[in-house]
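Peer 1: Just dropping this structure here.
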Amino acid sequence: MTDNSQARIRRLMLQDAGLYREIRLEALQLSSEAFGSSFEHEGAQPLGYFEEALAKADVFGAFLETDLVGVAGFRTQAGLKQAHKGLLWGMYVRLVARGTGAGKSLVKAVLDHARERVELVQLTVVSDNEAAQRLYRSCGFVAYGHEVHALKQGGRYYDELLMAVALTP
C-alpha cells in the first residue's frame, strides 16, 4: 500500500472529545472483536470519559476535510524498567477511508511522535485481521508472539498477534 492519503493527521484535543466518542463507539460496534473494551461499556459513559481519555494519552486523528475518519492512540509503558517502550492502541479507520492511506498516515504519525519518547513501540492485532497486519508490517512492525484466547466475546475466543517496531538502532 502506498501512502497516497489526503488525510490531515493531528493530535486530538479536549474539544475533539465528541468526535472521538463518535468514532470510538463506531469502532466498538463494527469491529468489536478488535478491542478490549465494549460498546456497552463505553456507550454508557458520559462525554467526560472521552475527554479524560484524550487527556491521559496521545490520540491522533485522520481528517478528510472536516470528517474524522480514523484514530490511533499512543502511550508509554508505566514503570521505570518499561518506560523505553510505548504502545500503539485503539487503531480504527472508517470504512469510507480504508485503502486511501489514512491508516498508514496515522501509524506513521504515532511512530514519529513515539521516536521522541521511546525506543520500541508494541501493539496487538487480532490474528485473523490480515489487512491490519499488512499495514503494520509495511510500517516496520514484526511479529514477536501470539496470544491464544486473548479476547473472548459472545462465547468466541480471539487470538492476538503481538507486534513491535524498534525505533532506535
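Peer 1: Write out, first by first residue and then by second, each pair whose Cβ atoms fall under 7 Å of each other, whose residues are 6+ apart or on separate chains, and whose first residue, in the stretch 60-80, is within 15 Å of residue 90 (Cα to Cα) and touching a residue at least 12 places away in the same chain (Cβ under 8 Å) while the second is surrounded by fewer than 19 Cβ atoms within 10 Å (Cβ to Cβ) and of a type in the set (Asp, Glu).
Peer 2: 73/58; 74/58; 75/58
Peer 1: Need the failing condition index for residue 116 against (1) under 30 Å from residue 154 (Cα atoms); (2) surrounded by fewer than 21 Cβ atoms within 10 Å (Cβ to Cβ), just the number.
Peer 2: (1)
Peer 1: Moving on. Considering only the stretch 82-102, I want to know if a residue exists there that is out of contact with any strand residue (DSSP E or B) (no Cβ under 9 Å at 6 or more places or on another chain), surrounded by 17 or more Cβ atoms within 10 Å (Cβ to Cβ) and either part of a helix (DSSP H, G or I) or modelled with pLDDT of 95 or more (or both).
Peer 2: No, there is no match, as no residue in the stretch 82-102 is out of contact with any strand residue (DSSP E or B) (no Cβ under 9 Å at 6 or more places or on another chain), surrounded by 17 or more Cβ atoms within 10 Å (Cβ to Cβ) and either part of a helix (DSSP H, G or I) or modelled with pLDDT of 95 or more (or both).
Peer 1: Taking the stretch 155-169 as the search range and keeping residues that are of a type in the set (Ser, Thr, Tyr) and modelled with pLDDT of 90 or more, which one is surrounded by the most Cβ atoms within 10 Å (Cβ to Cβ)? So that I can check it myself, show each step before the final result.
Peer 2: At the first step, the residues of the stretch 155-169 found to be of a type in the set (Ser, Thr, Tyr) are 157-158, 168.
Applying the additional criterion that residues be modelled with pLDDT of 90 or more yields 157-158.
Working: 157: 11, 158: 18.
Across the stretch 155-169, the extreme among qualifying residues is 158.
Peer 1: Please work out which one of (1) hydroxyl-bearing (Ser, Thr, Tyr); (2) touching a strand residue (DSSP E or B) at 6+ places or on another chain (Cβ under 8 Å); (3) modelled with pLDDT of 95 or more is the condition residue 49 fails and give its number.
Peer 2: Of the numbered conditions (1) hydroxyl-bearing (Ser, Thr, Tyr); (2) touching a strand residue (DSSP E or B) at 6+ places or on another chain (Cβ under 8 Å); (3) modelled with pLDDT of 95 or more, the odd one out for residue 49 is (2).
Peer 1: Could you list, in sequence order, the residues of the stretch 157-169 that are outside any loop (DSSP other than H, G, I, E, B), touching a residue at least 12 places away in the same chain (Cβ under 8 Å) and not small (Gly, Ala, Ser)? Working first, answer last.
Peer 2: Step one: list which residues in the stretch 157-169 are outside any loop (DSSP other than H, G, I, E, B), which gives 157-166.
Right, trim to touching a residue at least 12 places away in the same chain (Cβ under 8 Å) and you get 158-166.
Of everything in the stretch 157-169, those that are outside any loop (DSSP other than H, G, I, E, B), touching a residue at least 12 places away in the same chain (Cβ under 8 Å) and not small (Gly, Ala, Ser) turn out to be 158, 159, 160, 161, 162, 163, 165.
Peer 1: Hey, can you tell me all the residues within the stretch 133-156 that are free of Cβ contacts under 8 Å to residues at least 60 places away in the same chain and closer than 15 Å to residue 103 by Cβ?
Peer 2: Answer for the stretch 133-156, where residues must be free of Cβ contacts under 8 Å to residues at least 60 places away in the same chain and closer than 15 Å to residue 103 by Cβ: 133, 136, 137, 139, 140, 141.
Peer 1: I'd like the full set of residues that are among the aliphatic types (A, V, I, L, M), surrounded by 12 or more Cβ atoms within 10 Å (Cβ to Cβ) and closer than 26 Å to residue 157 by Cα, limited to the stretch 1-49.
Peer 2: 23, 25, 27, 28, 30, 34
Peer 1: Among residues belonging to the stretch 50-73 that are in a strand (DSSP E or B) and among the aliphatic types (A, V, I, L, M), point out the one that is surrounded by the fewest Cβ atoms within 10 Å (Cβ to Cβ).
Peer 2: Of the residues in the stretch 50-73, the ones in a strand (DSSP E or B) are 58-64, 67-73.
Remaining after also requiring among the aliphatic types (A, V, I, L, M): 59, 62, 64, 68-69, 71-72.
Numbers: 59: 23, 62: 29, 64: 17, 68: 19, 69: 23, 71: 22, 72: 26.
Across the stretch 50-73, the extreme among qualifying residues is 64.
Peer 1: Are any of the residues in the stretch 137-154 at pLDDT 95 or above, out of contact with any Cys (no Cβ under 7 Å at 6 or more places or on another chain) and part of a helix (DSSP H, G or I)?
Peer 2: yes
Peer 1: Here's a follow-up. Could you check the stretch 119-136 and list, in sequence order, the residues that are outside any strand (DSSP E or B) and buried (at least 18 other Cβ atoms within 10 Å of the Cβ)? Lay out the reasoning, then the answer.
Peer 2: Here is the first cut: in the stretch 119-136, the residues outside any strand (DSSP E or B) are 119, 127-136.
Within the stretch 119-136, 132, 135, 136 meet the criteria.
The values are calculated or read from the model by the stated rules, or taken from the named source; none is laboratory data. Because the structure is a prediction, the values reported are computed rather than measured. Here the Cβ is made from the backbone with ideal geometry for all residues, glycine too, and neighbour counts use every protein chain on show.
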